[in-house]
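What follows draws every value from the coordinates through simple rules; no lab data is involved. Just so you know, these numbers come straight off a predicted model, no measurement behind them. Counting neighbours? That spans all protein chains shown, and the Cβs are built from the backbone with ideal geometry, glycine included.
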Amino acid sequence: MVSSILFSVHPAEAQKPGKLARIGFLAPQSQPAGRFEAFRQGLRDLGYIEGQNMKIEYRGHEDRSQLAILATELVREKVELIVTQGRATRAAQTAAATVPIVFGYSGDPVEAGLVKSLARPDGNMTGISMLAFELVGKRLEILKEVAPKVSRVAVLSSPAHPGEQRELSESQKTARNVGVTLLYHQVNNTADVKAALEATTKDNANALLAFPDPVTTLHREQIAEFAAKQRLPSVFGWSDYVEAGGLLSYGPDHNALWRRLASYVDKILKGAKPSDLPVELPMKFEMVINLKTAKRIAVTIPPNVLARADRVIR
């Protein structure tokens, strides 16, 4: 029996007559709930009112194989399209070959084989990728501003995540320029994360960088707590890690991305084909700093860095 989140979303008010657009939403349970709420807000901004002209069928599970089963379930429910989050995208690709799929994907969708190219997806899938290679080096630069004595940075990364090897290459270029050594640790599962964190102590790392991928996202609280206990300044690509206790992040504004994803749904419901809708990359970015963590690890954030922050957790 599949253990999953399974519900439909309706407002309290009575439904108006007319056809409801049926939208499937498939996501790993470990993903932040804020993504779904931002997506719903994007739909409301476009005039979609739940229970009046739109209905969302939500399915969630942590296991990839169960996500595929839930994707098949959504197809049987005759949803008009499926919105996917993270690794649920691959599960939906396998199970829903004929249903339009709109993804919010953390990796490179071309390298992953989800689309032929960003400009011409050429299939039943399109959406937004969270990749922003131009920010990779800047994270290390900000880290050095915050902690100038940092010289050995432990890097946690899942090499199987599409696009992550390029992210590592970009980080290595900046590392040479700012005078730090990267200590690379592959993390493919929970055991790898535990081993990688233990290795940072043995390697005398004095800072930590985790790339945003399904493995580190799932373990973001564990990673952030370890860094704080060891008094290691930590930097991340997404704000979720900072909200979990990490020091700082610089990356895409996910709420803006997920609100934007609603426009893809709107276009497809009005007749557009996914193959004709180019995959977008992030256009709005944010720097988030956790001052509670800064105090805990005895790091003073320079005023010029603090002034550039889009959000500060106090």
Expressed as an acute angle from 0 to 90° and rounded to the nearest 10, what is the orientation of the C-alpha long axis of helix 34-45 relative to the principal long axis of the chain? 50 degrees
Calculated SAXS-style log₁₀ I(q)/I(0) at q = 0.13 Å⁻¹ - the stretch 258-307, Debye, Cα scatterers: -0.56
Everything considered on the Cα gyration tensor (a ≥ b ≥ c; rounded for a/c under 1.5, else prolate if a/b is larger than b/c, else oblate), the stretch 93-221 must be described as prolate
Residues whose built amide H sits under 5 Å from the amide H of Asn53, excluding neighbours closer than 5 in sequence, are none
Using 12 Å as the cut-off for backbone N distance, which residues of the stretch 244-264 belong to the label zone defined by a point 7 Å from the Cα of Val178 along Cα→Cβ? 248-250
Rounded, prolate or oblate (a/c below 1.5 giving rounded, otherwise prolate when a/b exceeds b/c) for the stretch 183-314 by Cα gyration tensor: oblate
Taking H placed 1.01 Å from N in the peptide plane, check which residues at least 5 places from Phe285 or on another chain put their amide H under 5 Å from its amide H. Asp253
Label-point separation, Leu168 to Lys194 (7 Å along Cα→Cβ), nm: 2.3 nm
Run through the stretch 206-275 and list the trypsin sites (Lys or Arg not before Pro) located in a DSSP loop whose Cβ has at most 16 other Cβ atoms within 10 Å. Arg231, Lys270
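Mind checking the full-extension length gain between Thr300 and Glu225? Use 0.36 nm per residue of separation minus the Cα-Cα distance, one decimal, nm.
Details: separation 75, 0.36 × 75 = 27.00 nm, distance 1.86 nm.
Stretched out fully, the Thr300 to Glu225 stretch lengthens by 25.1 nm.
From the gyration tensor of the Cα coordinates in the chain, what semi-axes in whole Å does the equivalent ellipsoid have, largest first, with each one equal to sqrt(5λ)?
On the way: eigenvalues 267, 77, 66 Å².
In descending order the semi-axes read 37, 20, 18 Å.
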In whole Hz, the Karplus estimates of ³J(HN,Hα) for the stretch 251-262 (6.51, -1.76, 1.60; θ = phi - 60°; x where Gly or Pro) are x, x, 7, 5, 4, 5, 5, 6, 5, 5, 4, 4
Listed by chain and number, the lysines with an alpha carbon less than 20 angstrom from that of Lys284, same-chain partners under 8 positions apart left out, are Lys138
How far, in degrees from 0 to 90, does helix 136-146 lean away from the longest principal axis of the Cα atoms of the chain, to the nearest 10? 40 degrees
As a quick test, which of the pairs Lys55/Lys116; Lys116/Lys273; Lys78/Lys270 have an alpha carbon distance above 24 angstrom in this structure? Lys55/Lys116
What number, rounded to the nearest 500 deg cm²/dmol, is the helix-based mean residue ellipticity at 222 nm of the chain, given -39500 (n - 2.57) per DSSP H run of at least four residues and division by all its residues? -11000 deg cm²/dmol
From the phi of every residue in the stretch 271-284, what ³J(HN,Hα) in whole Hz does the Karplus formula 6.51 cos²θ - 1.76 cosθ + 1.60 yield, where θ is phi - 60° and glycine or proline is x? x, 5, 9, x, 5, 9, 10, x, 6, 9, 10, x, 10, 10
For the pair Glu80/Lys284, report the inter-label distance in nm, with labels modelled 7 Å from Cα in the Cβ direction. 2.5 nm
Pairwise centroid distance, computed over Cα atoms, of the stretch 191-230 with the stretch 232-290, Å: 23 Å
